[in-house]
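K.L.:
Sharing a structure, written as structure tokens. Questions coming.
The values are calculated or read from the model by the stated rules, or taken from the named source; none is laboratory data. Worth saying up front: this structure is predicted, and the values here are computed from it rather than measured. When we count neighbours, we look across all protein chains shown, and the Cβ atoms used for this are built from the backbone with ideal geometry, even at glycine.
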Amino acid sequence: MSERDIEDLQALAEELKERIASRTAPARWNADPDEVRRSVMQLVLTLVDFIRQVMERQALRRMEAGTLLPDEIERVGLALMKLEETIHDLARQSGLEPKDLNLNLGPIGRLK
């Protein structure tokens, strides 16, 4: 793992801590049988959104390093925007808001 990767992870951890301070009750998985589908969708979309955020940070790092060509930057940017839009559309179809796509990560706080 490079020093830049470690710095990015530390920055993400700081962001998570700040978000924890602004929240009150932790989100938890709802095991109610009538809500299982919605809860599973929330978990899956949260994980996909987290992966999207990691990919976005990696793309920015590669852009800053100059390892992406202009057409690659355009394609990656459009793909990430469409992925975010798709995640939010699926969330709304499941009765979720984009702000609901979050996880309580215990001692390190909430995902976002």
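K.L.:
Name the single residue that is modelled with the lowest pLDDT among those in the stretch 1-36 being among the charged types (D, E, K, R) and under 17 Å from Pro98 (Cα atoms).
P.N.:
Within the stretch 1-36, the subset among the charged types (D, E, K, R) is 3-5, 7-8, 14-15, 17-19, 23, 28, 32, 34-35.
Next, from what is left, pick out any that are under 17 Å from Pro98 (Cα atoms): 19, 23, 28.
Working: Arg19: 65, Arg23: 54, Arg28: 59.
Out of the qualifying residues, it is Arg23.
K.L.:
Looking only at the stretch 42-74, which residues are more than 21 Å from the chain's Cα centre (by Cα) and surrounded by 13 or more Cβ atoms within 10 Å (Cβ to Cβ)?
P.N.:
Across the stretch 42-74, the qualifying residues are Leu68, Glu72.
K.L.:
Please verify whether Glu85 is acidic (Asp, Glu), in a helix (DSSP H, G or I), modelled with pLDDT of 90 or more and loosely packed, with under 13 Cβ neighbours inside 10 Å, treating the condition exactly as stated.
P.N.:
So Glu85 fits the description; yes.
K.L.:
Pull up the stretch 88-103, narrow it to residues that are among the small types (Gly, Ala, Ser) and not in a helix (DSSP H, G or I), then point me to the one that is surrounded by the fewest Cβ atoms within 10 Å (Cβ to Cβ). Give the steps one after another, and end with the answer.
P.N.:
Residues of the stretch 88-103 among the small types (Gly, Ala, Ser): 91, 94-95.
Of the ones still in play, those that are also not in a helix (DSSP H, G or I) are 94-95.
Numbers: Ser94: 16, Gly95: 12.
So the residue we want is Gly95.
K.L.:
Sticking with this structure for a sec: Does at least one position in the stretch 40-56 carry a residue that is farther than 26 Å from Ala11 by Cα, at pLDDT below 90 and assigned to a helix (DSSP H, G or I)?
P.N.:
Of the stretch 40-56, the ones farther than 26 Å from Ala11 by Cα are 40-41.
Next, from what is left, pick out any that are at pLDDT below 90: 40-41.
So of that shortlist, the ones also assigned to a helix (DSSP H, G or I) come out as 40-41.
For the stretch 40-56, residues farther than 26 Å from Ala11 by Cα, at pLDDT below 90 and assigned to a helix (DSSP H, G or I): present.
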